[in-house]
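In what follows, a structure is listed as structure tokens, so that the remarks can point back to it.
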Amino acid sequence: MLPESAVPLPVFPVPALGPALPEIVLAAGALVLVLVGAIRGERSTALVSAGAIGLMLVALALVFLAPAETQTTFFGAFVSDAFARFFKVLVLIGSIVALMMSHDHFRRLGIDRFEYPILIVLATIGMMVMVSAGDLIALYMGLELQSLAAYVIASIHRDDARSTEAGLKYFVLGALSSGLLLYGASLVYGFTGTVSFEGIQLALGTGGASTGAIFGLVFVAAGVAFKISAVPFHMWTPDVYEGAPTPVTAFFASAPKMAAMALAVRLFMDAFPTIVDEWRQIVIFISLASVILGSFAAIGQTNLKRLMAYSSIGNVGFALVGLAAGTEAGVQGVLIYMAIYLVLTLGGFACILGMRRGGVVLEDISDLAGVYKNHPGLAFCLAAVVLSLAGIPPLAGFFAKLYVFLAAVEAGLAILAVIAVVASVPGAYYYLRIVKVMYFDEPVAPYDPMPAPLGGVMVVSSVFNLIFWLVPAPLFAAALIAAQSLS
Amino acid sequence: MSIALIVFLPLLGALLAPLAIRYGRNACAATAGAASLAAFALLMSHLPGVYAGEVVRQEAAWIPQLGLSFAFFVDGLGFFFATLILGIGLLIIVYARYYLARQDPMGRFYAYLLLFQSAMLGIALSDNALIFLVFWEMTSLSSFLLIGYWRHLPEGRQGARMALAVTGGGGLALIAGMLLLGEAAGTYAISEIIQRGEIIQASPLYVPALLLILVGAFTKSAQFPFHFWLPHAMAAPTPVSAYLHSATMVKAGVFLLARFWPALAGTDIWFLIVTPVGLVTMVIGAFIAIFKHDLKALLAYSTVSNLGMMTMLLGFGTPLGVVIAMFQVLNHATFKAALFMSAGIVDHEAGTRDIRKLGGLIRLMPIASVLALIAAASMAGLPLLNGFLSKEMMLEAAVHTEIAGIPYLVPTLATLGALFSVAYSLRLAWFGYLGPTRESYPHHPHDPPAGMWGPVALLVGLVVAIGLVPPIAGPVLARTSMAVLQTDTLPYYSLAIWHGVTPALFMSITAIVVGATMVALYRSLSTAHAALPHPEAKAMFDRTIAAIVALARGVTGRTQTGSLQLYAGIIVAAIVAVGLVAFLQGGHAPGAREMLPVNTPAIVAWAVLIAVSGVVVFAHVSRLITLVLTSVVGLIVSVAFLQFSAPDLALTQISVEVVTTILLLLALNLLPRRSEPERSAAARWGSGAIAVVAGLGVAYLAYAVMTRDVSSISEYHVALSKPGGGGTNIVNVILVDFRGFDTFGEIIVLGIAALAIFAMLDSALRGASARRLAEMLPSRRSGDAHPMPLVVATRVILPLAITVGVFIFLRGHNQPGGGFIAGLVVAIALIMQYIASGYDWAAARARYNPHAMIGAGVLIAGATGLGSFFFGAPFLTSSYDYFHIPLVGEVELATAIAFDLGVFLTVVGVVLLALFQISRVEHKADRTPVPAGPYEPPYDRQAAPRVVEPARDKEA
């Protein structure tokens, strides 16, 4: 018998699960895959890989099928709007392609464990939650789910000292940044009395930001900056990118970057839109620092993976130029930028993964000498990626940059845009070196035959890169809808 | 969309030409030619309109959100440049058909060439600043491909890369400049921008926009100090040099200046930058050209010089300057393209371009030589040729220009430039074509096929025609200049050979006489020149690049050392810095909350805390001491909880502290005793400083937060704890009731964590890691592993401790205590048995499997939660009632207590499982043979009763 209590107990209804259906499907599927792997052992890797890809394709379809309007569930902690769906598509594409490209590589290295695809799926769930977070708790949960899976993935090559070191570094620094973020979140909560983005916006909108809340903002920003590897929280990136097995690096450079950037945008635009001036200073600083360092430090790198790491730092800086604008156009710019960056990155890594001679994995720029002769397709794809990353029209990368710059200029940040453009010049010169090495240097021996998925990724990436300027409208329209759903 | 078609027809040709190569070289060239010709015909269809003063504008939406539309317009200026591009392009296509050797991949050549043509037409005709940029960079790219066309030549590769680096970099600056310009003008339509000169020049963005646009123009048009790339681009096949690097692409910069002339020109800053740059380029380029031996290098520097002249004329900011500049564009395109093609013919036929190995060609290849000589004469500015006209007009304009208040500077330097150009032109003519015939040439020269000299002849025909009958260029010049100036009235100028006796005439005569003298005295001049220092631009460029690379490597090498400490240090330092900025910007009024009175115990406790923390920093090499000291920190924290009236938290903290310390002590046994510092003292002091500042910052924040009244949910819990959850211990009520779901999740996680510890340490028992463990075991030990007093004490305490545990468990709902704390207390008592009496003794007497305890705990908690369904309430709804137990008194029995029991069992199980596994590792490692040492086991462990140990342990 239930006794009569003085105050009625709060009885919570079961929240609507529909908006989170893709995540739920992925989570349930991941558990099934764990069981399959545990029961069938290492032999099941191919099956689990295929299952994971299939699962994520289903999730992708569910994201596409989701209703167009904004839905909120779990008491406001989970938001499914056009913005979230835009980034979920990017995240899923990144994860699927990274997984597709890794199987063959791992099999040759003899480390094709069934845990890897499952960890990727778990990380993907984390990222999707990050993208959909409607409050600080959901944000943190998603972030940690993604990060913890990523720490393990980084050191998946257990017998390789570089891989384990990468994992350790990533973990220690990641934990530090998570701590900063949590600390900041607690300050924000303490000074606004709420964790929901909407509530924070209201609290800051009426009373203005107290110093305490701004401190919270600073710490949260630092945590987020770590995740998107923006300067000065970027230090882990080159080491982890270089140390981790290349397919893992491809994954790190693609999907988690999308999710972290989505997180940054949502956090700043949804929770702190009323104190734009306060956070704009931070964003401008890390954006400029990232662009300059990304461009400058790319010079003199000999390892392609390290080079990609610096490129990712620089590109994040460019995307942040759009965020610094703090306008709808700026957000749209960030979305377009990240989408284009995703395709370029995956294409670039497909090329790097294709570099293997006599079973030996090659990672140096000098290993690309004369690739044009033996592998014109690879050379073309990589050249297009590199020139696109350097922002040379009419390749897709140019439009990515152009849009964020336009948004920044319109928001009165002309000087920021100009410095960012000018700072990208030294890096651009260095990217040309890759093209020169590939096209003009003397070739050595041809690479081993490439697995089919790599070729496919290269083709898709190159076509996108070259054709984008003819049919940019779909991406622009999607980004516009997504940006509008945020405000 | 006929204008867009003009731009895209060559692009189509670029796609088709490589496909046509399979039908032969003629088919390939014909395809390329047809594409250009079609575009040319389309362009000419606009001729009547343009020359009637119409501006045809066509637009198709592309990315309206971006302000991007495929907008093209054709006016006098665009028409003029497009005609040059397509006209000379057609000649080059014909010429290249005969120039390229059989083994050169012709399809690729025409593809690149037409790609370039398309891009260049895009520059000339686009009406959108952003589209303009796209085409601008496309010309850089196609130029890169064409310069590196002969891949086997190293200079081609370097030249290509340098050209792209300079022009591409300038292009990036131009992008920034255009964005600013568009923002200042409020539109990206070029036809609009050029009508808003006043708005733009009044905008604060004018100066930065101008500077960036000028960088773009100067790099493209090889103006000093960016002039060095052009001569190195001469590694390209000669048709490319003739087309891109003299007639069209390098004029893109001039076009840019002309196109935006109404928007940008006319200000002091424009004049003071553009004019000197052009002037200096003109003089330096011409001077260097005199002493170049390679025909193409000579022509390249001469091109640099001529471009400088056009830039200077546009820099004057006067309408007349514009007219002359446009005239010079036309004249230069004709004679210089002809000269480049002639140089190609010489190279092709004589096998060398070195002027020192040539001479007397006029007798061996008369047609080509005569054409080249006429063009050279025009370049020298000799009368009756078109070069003379524009040079004369330029000198006349220079006379009326004074810079920085010095009236003679511009005319003098302009004369000097003209004089040098006479010198290099005559040197080219004399030493290359005239002069004595040589005994031998690398190849025996003779006239090339008509396909090669035909295009040259056409251009030279123009040179002569304009030179003899200047007014035929009149309409073109007038229409083009009007389009540049955006006006219908032009300043007075006269296209005539004879202007009377003017200062310009004297300057021209001086130039010709002195220039000719220089060539006559060339040998001694050349010796003198050789003695001068030669700043080699390429070497400087390479050195600059090398320095930047070294700097970048140095910076990344210093910051990206791979040191985790450094990375963490930078992160913390950065956040401290940003926090400091936030602190300084915000207000920092003291908090309003009333302070608690301070008392002696608190002061002592804080002092101990600070002292202990300080000692840890210095004593951390010894792990044991560090552990002991950190546990002191934990204890003081629990005292602090007590101070702030949170006894339940304090109790929890103490028990957690004890358990973790014990487990860590056990684990410590497996680790080296000392952790030696790995970094230098300076680095550690640096880290220390960062840590101190960060610590102060956090302390300040804590202080600031605690001195403020913040609304929290505490009141809610305080108010509802008793009525809602039936308990007065708020922490416990929160744990088992309010947030029971969380707790349920947590105990599951805790159980999984224990299983994970179990599984992971299990692998430590096998193989290499077990052997390493064995070697790491400390060799020195106390003689008595199980001291009797400790054994006795723990055995006596055990029942007492369990009683205490039960007591704490039962009262937990209302007084400090609860399942979690009780579990820890009991677990501590059990651990003590293991420590005091040894693993084997204790394990043999353990009745309950920790795995089972964890499982049971989770199940009980879950079942409690499910139980509420039977009462129609949601999962984990609790209820409570009061019972009277004799002796004990009134006891409250809530369903939550069953839940708490689950928590209790799980906690005990988890702690025991972790302990069990750590002990097993040590136990196992202990038994592995250790190198002989002073230590002897007190008894034969092999004979000791065996405990549950999986068989696989024996593998080690």
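The values are calculated or read from the model by the stated rules, or taken from the named source; none is laboratory data. This structure is a prediction, so every number in the text was calculated from the model and none was measured. Ideal geometry is used to build each Cβ from the backbone, glycine not excepted, and the neighbour counts take in all protein chains shown. Surface areas here come from the heavy atoms of the whole protein model, side chains and all, with no ligands, DNA or RNA. Shrake-Rupley method; radii C 1.70, N 1.55, O 1.52, S 1.80 Å.
Some values worked out for this structure:
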read-out	value
Boolean, A:V437 is within 11 Å of another protein chain (Cβ to nearest Cβ) and either under 23 Å from A:G358 (Cα atoms) or touching a helix residue (DSSP H, G or I) at 6+ places or on another chain (Cβ under 6 Å) (or both)	yes
Given (1) aliphatic (A, V, I, L, M); (2) touching an Asp or Glu at 6+ places or on another chain (Cβ under 9 Å); (3) open to solvent by 10 Å² or more (accessible area, probe 1.4 Å), index of the condition B:I324 fails	(3)
Options A:L65, A:L55; residue that is modelled with pLDDT of 95 or more and within 24 Å of A:A16 (Cβ to Cβ)	A:L55
Evaluation of A:I392 against (1) in contact (Cβ under 8 Å) with a residue 12 or more places away in the chain; (2) open to solvent by less than 10 Å² (accessible area, probe 1.4 Å); (3) within 25 Å of the chain's Cα centre (by Cα) (one fails), failing number	(2)
Condition met for B:G579 (in contact with a helix residue (DSSP H, G or I) (Cβ under 6 Å, 6 or more places away or on another chain), within 7 Å of chain A (Cβ to nearest Cβ), under 17 Å from B:G697 (Cα atoms) and surrounded by 17 or more Cβ atoms within 10 Å (Cβ to Cβ))	yes
A:Y403, sole failed condition from (1) more than 21 Å from the chain's Cα centre (by Cα); (2) open to solvent by 10 Å² or more (accessible area, probe 1.4 Å)	(1)
Test: residue in region A:185-206 that is closer than 23 Å to A:V321 by Cα, surrounded by 21 or more Cβ atoms within 10 Å (Cβ to Cβ), at pLDDT 90 or above and away from chain B (no Cβ under 12 Å)	yes
Contacts under 6 angstrom Cβ, first residue in region B:724-745 being not assigned by TED's automatic domain parsing to the domain that holds B:A650 and among the hydroxyl-bearing types (S, T, Y), partner in a helix (DSSP H, G or I) and open to solvent by less than 10 Å² (accessible area, probe 1.4 Å), 6 or more apart	none
Of all residues making up region B:213-233, the number that are in a helix (DSSP H, G or I) and open to solvent by less than 10 Å² (accessible area, probe 1.4 Å)	9
Test for A:V224: is it of a type in the set (A, V, I, L, M, F, W, C), farther than 20 Å from B:V705 by Cα, away from every other protein chain (no Cβ under 11 Å) and surrounded by 23 or more Cβ atoms within 10 Å (Cβ to Cβ)	yes
Verdict on B:A27 being in contact with a helix residue (DSSP H, G or I) (Cβ under 7 Å, 6 or more places away or on another chain) and away from every other protein chain (no Cβ under 14 Å)	yes
The listed residue being open to solvent by less than 10 Å² (accessible area, probe 1.4 Å) and within 14 Å of another protein chain (Cβ to nearest Cβ), out of A:S177, A:S132	A:S177
Residues that are more than 9 Å from chain B (Cβ to nearest Cβ), more than 24 Å from B:L580 (Cβ to Cβ) and either outside any helix (DSSP H, G or I) or not small (G, A, S) (or both), drawn from region A:292-312	A:T302, A:N303, A:L304, A:K305, A:L307, A:M308
Region B:654-686 - residue that is open to solvent by 70 Å² or more (accessible area, probe 1.4 Å) and acidic (D, E) and, of those, farthest from the chain's Cα centre (by Cα)	B:E676
Scope region B:405-433; condition closer than 18 Å to B:A380 by Cβ and either open to solvent by 60 Å² or more (accessible area, probe 1.4 Å) or without any contact (Cβ under 8 Å) to a residue 24 or more places away in the chain (or both); matching residues	B:L416, B:W430
Whichever residue in region B:582-611 is outside any helix (DSSP H, G or I) and hydrophobic (A, V, I, L, M, F, W, C) and, among such residues, is nearest to the other protein chains (Cβ to nearest Cβ)	B:A589
Any hit, region B:642-652, residues being open to solvent by 30 Å² or more (accessible area, probe 1.4 Å), closer than 30 Å to A:V218 by Cβ and within 49 Å of the chain's Cα centre (by Cα)	no
Residue check for A:S163: more than 13 Å from chain B (Cβ to nearest Cβ) and among the small types (G, A, S)	yes
Failed condition for A:A230, given (1) within 12 Å of another protein chain (Cβ to nearest Cβ); (2) surrounded by 24 or more Cβ atoms within 10 Å (Cβ to Cβ); (3) assigned to a helix (DSSP H, G or I)	(3)
Any chance A:G126 is out of contact with any Lys or Arg (no Cβ under 7 Å at 6 or more places or on another chain) and within 14 Å of chain B (Cβ to nearest Cβ)	no
Selection within region A:322-380 - assigned to a loop (DSSP other than H, G, I, E, B), hydrophobic (A, V, I, L, M, F, W, C) and closer than 26 Å to A:I96 by Cα	A:M355, A:L362
Meets criteria (more than 26 Å from B:G695 (Cβ to Cβ) and at pLDDT 80 or above) for B:L609	no
Members of region B:495-522 that are open to solvent by 60 Å² or more (accessible area, probe 1.4 Å) and modelled with pLDDT under 80	B:W498, B:H499, B:V501
Region A:401-429, residues that are small (G, A, S), more than 7 Å from chain B (Cβ to nearest Cβ) and under 16 Å from A:I292 (Cβ atoms)	A:A408, A:A420, A:A423, A:G427
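Here's the yes/no breakdown for (1) within 11 Å of chain A (Cβ to nearest Cβ); (2) of a type outside the set (K, R); (3) under 16 Å from B:A247 (Cα atoms):
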position: B:A61; (1), (2), (3): yes, yes, no
position: B:S69; (1), (2), (3): no, yes, no
position: B:G87; (1), (2), (3): no, yes, yes
position: B:I92; (1), (2), (3): no, yes, yes
position: B:A96; (1), (2), (3): no, yes, yes
